[in-house]
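Reading through the structure tokens given below for one structure.
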Amino acid sequence: MPSHGRLRWILLLGTLWQSFFSTGIVYGWAGLLLMLKDDGVYARLCPSQGDSETVVASPLEASGPAAADICSARSVALNLIFSCGAVTAQASGVVVGSVLDCFGPCKTIMLGNTLVIAGSVLFAETPGSDADVWTLPLAFALFGFGGNMIHLSGFSLANLFPASRRPTLAATFVMTFTLSGFTFQLMLLLNAHGGLSMQTLFRMLALLQAVHLLISATQWPSLPLQPGDQLVVRSWRVAVVPAPSAIAGASAPGTLGKVEAASPEGSGTADPLPSPGTIPEKKALLDGLPVRAQMLHPEFVYLTAFFAVNSFTLRFYMGAVREQLMQGVISVDGSSSGGGADVITNGNTEEVDTLVATQSVQQKETSKLMLALH
């Protein structure tokens, strides 16, 4: 039987793999938007070429068979899809937390997988039908809700590792959440260069999530993971054995100041908490070091890589924002709105790029706050 140390690493790697294809995929909207336009989704909402309601396509839109069918009605319908997914992903945190407390990580992750599968099936089977005006926003909302369930359930896994490693693991989960936006970018590459249709790609995504569902049913324990827990295999399933020291420490008199007993670095249990009034003053990690030593420190290198990857992926996420800003400064009849159209019609998009840069800064600050909270 695999040892506790090996089981926790298997669980960690499997969770990170699943996180990449599930947790933050709604934020890779720019890649999915191109596939939807190229597939002609909502093209029926646009009037004929000669109608005055037709909007001149931006460079991002000037490709694919549906490039000429860009109008305000279609843009609104497409933007509604992203709005439903983004709002659901942000607003579902309270509900997901309650579900996680009541049912544990295994059932919560399985429910999240099921929601992502349902969303994938809707994207594969309903585009082009009369019902897609509500099925596609619903599908993207399922992506946001299900992805959040998988994302928040994985954080308790850090409790199986020593306390010194938990901040790094939490940051790794956040980074994987950010990178999951590349899922639709990969699907876009397979669609453009691999000859796979959007329907086939979403069927493949649904199949992958079904595999994740089966793995989660056996890999994730039913009970929430606490510091000091040990993982064991029972009847082909991973189960949790609560730390005896934690139980004894909670029940014995005079042990209020401790959570669990000390343990070796590799055992996965937490270090003891000092008694009240004896907490030593902790010096800042990089305090007093020369600038060169600080820049070469592993913690500094890790944080630099984290925010570099975060900033890079934002360039893909902001593709949709840039398009909306282009739509906002050019009115339907091509006249300017606050002078913005004059800048753009001259081949210069400085005004839009400035607004996008402002949005990017706000997104970076949000990412920093997320890392600090986790």
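What follows draws every value from the coordinates through simple rules; no lab data is involved. Only a predicted model underlies this, so the values are computations on that prediction, with no experimental measurement involved. Please note: Cβ atoms are built from the backbone with ideal geometry, for glycine as well, and neighbour counts cover all protein chains shown.
Find the all-direction average of the projected area of the Cα convex hull for the stretch 178-230, expressing the result in square nanometres with one decimal place.
5.4
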- prompt: What do the square roots of 5 times the Cα gyration tensor eigenvalues come to for the stretch 107-189, in whole Å, largest first, as semi-axes of the equivalent ellipsoid?
  reply: 32, 14, 8
- prompt: Using only the Cα atoms, what convex hull volume per residue in Å³ does the stretch 4-224 have?
  reply: 120
message: Taking 45 Å as R0, compute the FRET efficiency from the Cβ-Cβ separation of GLN90 and ARG292 and round it to 0.05.
response: 0.65
task: With a 10 Å radius around each residue's Cβ, average the other Cβ atoms per peptide and rank 169-181, 210-222, 141-153, highest first.
output: 141-153, 169-181, 210-222
- prompt: How much length is gained if the chain between CYS102 and TRP236 is pulled fully straight, taking 0.36 nm per residue apart and subtracting their Cα-Cα distance, in nm to one decimal?
  reply: 45.8 nm
Cα→Cβ-extended label distance, 7 Å offset, between SER72 and THR200, nm: 3.9
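Arrange the peptides 36-47, 94-105 so that the one whose residues have, on average, the most other Cβ atoms within 10 Å appears first.
Packing proxy ranking, top to bottom: 36-47, 94-105.
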